[in-house]
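Novice: Dumping the structure here so I can ask a few things about it.
The values are calculated or read from the model by the stated rules, or taken from the named source; none is laboratory data. This one's a predicted model, so the numbers in the text were calculated from it and none came from an experiment. Counting neighbours? That spans all protein chains shown, and the Cβs are built from the backbone with ideal geometry, glycine included.
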Amino acid sequence: MAEHKSKKPQLSPFLKGFAGSLGGVAEACLLQPIDVIKTRIQLDKGGKYKGIVQTGQTIIKEEGMRSLWKGLTPFATHLTLKYALRMGSNSLYQNLLRSKDGSLTTGARMGAGLMAGVTEALVIVTPFEVVKIRLQQQRGLTKDAMKYKGPVHGAFTILREEGILGLWSGAAPTVLRNGTNQMCLFIAKPTLDSVLWAKHDGDGKQLSPVQSMTSGFLAAFVGPCATGPFDVAKTRMMAQTKEGGFKYKGFFDVLIKIPKEEGILAYWKGLLPRLLRIPPGQAIVWAVSDQITGYFERQLSTK
């Protein structure tokens, strides 16, 4: 099924990337604690953490409130760059896949989302998440007691000890996770906009923040459920250090060992905090980016 046909000029990938980057800043500042809790749960093999609330309380009790924002700098930078690249590259791929009349088929939209996810995973997501996870897994109250003193120190330490490929640990599951996530997201969001609000790309219609948040929130549920095993495998691989030893020899080794040692449901460890973070995060991102892109679409539609 092709989407709404229009020969009206499309917004440039640069503008869509800029709108996405501002949404990423807002998401990072508001939802970082949920990401820290998710990471700790995924790395917990001894049953120390019993759930979202208990994990958060334990972190606060043992390490202080500020520990819930561990890794915020790389996380915020990561999200800003990730959303700029995601929105911009998706727009670029969509433009390349459009028919002569300006329409975009469902298959083309899915392909553009998949390629955007793969692009962000390789260029931005993997190295930033390696640093973020190394920071988040550390336990302690003072920097002196920690191996990684901050994002820059952490990145240089990884490079020194593990080489350039250390920053791309877990690249394979990250590519699979992000590619699948964005394929689902970029088909679900415009479909929901069309069904719920009769909004189509390039039509000049401005969604309200509440409408954008609703569509973004609902569209973001599919990806995390489908990519749980990839996300857990990614986290386990990224957390490994040369000093601590490498339990997992690669992506497929992780996928074999996790259910064998911990049961099949371990593939979806941290799913609840992911669902508490990703859909609200997408609601925030789309509320911000839709306002910006909607403004420029109105300008184009009046010309």
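Novice: Check the range 99-111 and report whether any residue there is surrounded by fewer than 18 Cβ atoms within 10 Å (Cβ to Cβ), touching a strand residue (DSSP E or B) at 6+ places or on another chain (Cβ under 8 Å) and in a helix (DSSP H, G or I).
Specialist: yes
Novice: Moving to a separate point now. Looking at the range 150-206 only, could you name the residues that are in contact with a Pro (Cβ under 6 Å, 6 or more places away or on another chain) and at pLDDT 95 or above?
Specialist: Matches in the range 150-206: Leu167 only.
Yes or no, residue by residue, for (1) under 19 Å from Ser169 (Cβ atoms); (2) touching a residue at least 40 places away in the same chain (Cβ under 8 Å); (3) among the hydroxyl-bearing types (Ser, Thr, Tyr):
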site: Leu218; (1), (2), (3): no, yes, no
site: Val232; (1), (2), (3): yes, yes, no
site: Thr235; (1), (2), (3): yes, yes, yes
site: Ala239; (1), (2), (3): yes, yes, no
site: Val254; (1), (2), (3): yes, yes, no
site: Ile264; (1), (2), (3): no, no, no
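Novice: Same structure, new question: With farther than 23 Å from Leu22 by Cα and among the hydroxyl-bearing types (Ser, Thr, Tyr) as the only criterion, which of Tyr295, Tyr267 stands out?
Specialist: Just a single option satisfies the conditions, and that option is Tyr267.
Novice: Every residue in the range 186-221 that is assigned to a helix (DSSP H, G or I), buried (at least 17 other Cβ atoms within 10 Å of the Cβ) and touching a His at 6+ places or on another chain (Cβ under 9 Å), please.
Specialist: Pro190, Asp193
Novice: Name the pairs: first residue in the range 53-81 and within 18 Å of Thr142 (Cα to Cα), second residue outside any helix (DSSP H, G or I) and at pLDDT 90 or above, Cβ to Cβ under 8 Å, at least 6 apart or on different chains?
Specialist: Thr58/Lys48; Thr58/Tyr49
Novice: It is to be established whether one or more residues within the range 11-28 are aromatic (Phe, Trp, Tyr) and touching a residue at least 24 places away in the same chain (Cβ under 8 Å). Reasoning before the result, please.
Specialist: Within the range 11-28, the first condition is being aromatic (Phe, Trp, Tyr), and the residues that meet it are 14, 18.
Now restrict to residues that are touching a residue at least 24 places away in the same chain (Cβ under 8 Å): 14, 18.
Looking through the range 11-28, at least one residue is aromatic (Phe, Trp, Tyr) and touching a residue at least 24 places away in the same chain (Cβ under 8 Å).
Novice: Kindly indicate whether any position in the range 250-267 is touching a Leu at 6+ places or on another chain (Cβ under 7 Å) and either more than 30 Å from Gly294 (Cα to Cα) or at pLDDT 95 or above (or both).
Specialist: No, the range 250-267 has no match at all.
Novice: Mind checking which residues of the range 99-132 are of a type in the set (D, E, K, R) and free of Cβ contacts under 8 Å to residues at least 60 places away in the same chain? Please lay out each step first, then the result.
Specialist: Taking the range 99-132 as the starting set, the residues that turn out to be of a type in the set (D, E, K, R) are 100-101, 109, 120, 129, 132.
Scanning the range 99-132 gives a single hit, Lys100.
Novice: Could you list, in sequence order, the residues of the range 223-267 that are hydrophobic (A, V, I, L, M, F, W, C) and surrounded by fewer than 17 Cβ atoms within 10 Å (Cβ to Cβ)?
Specialist: Matches in the range 223-267: Cys225, Ala226, Phe246, Phe252, Ile256, Ile264, Leu265.
Novice: Moving on to the next point. Determine the pairs where a residue that is within 24 Å of Ala121 (Cβ to Cβ), located within the range 178-206, has a partner that is of a type in the set (D, E, K, R) with Cβ atoms under 7 Å apart, the partner being 6 or more residues away or on another chain.
Specialist: Matching pairs, first to second residue: Asn178/Glu120; Gln182/Arg86; Phe186/Arg109; Ile187/Arg109; Pro190/Glu3; Pro190/Asp201.
Novice: Further question on the same structure: Pick out, from the range 222-303, the helices (runs of 4 or more DSSP H) lying fully within it that include 3 or more residues that are more than 23 Å from Thr80 (Cβ to Cβ) and of a type in the set (Asp, Glu).
Specialist: Working: elements: 222-239, 251-262, 271-301.
In the range 222-303, the matching helices (runs of 4 or more DSSP H) lie at 251-262.
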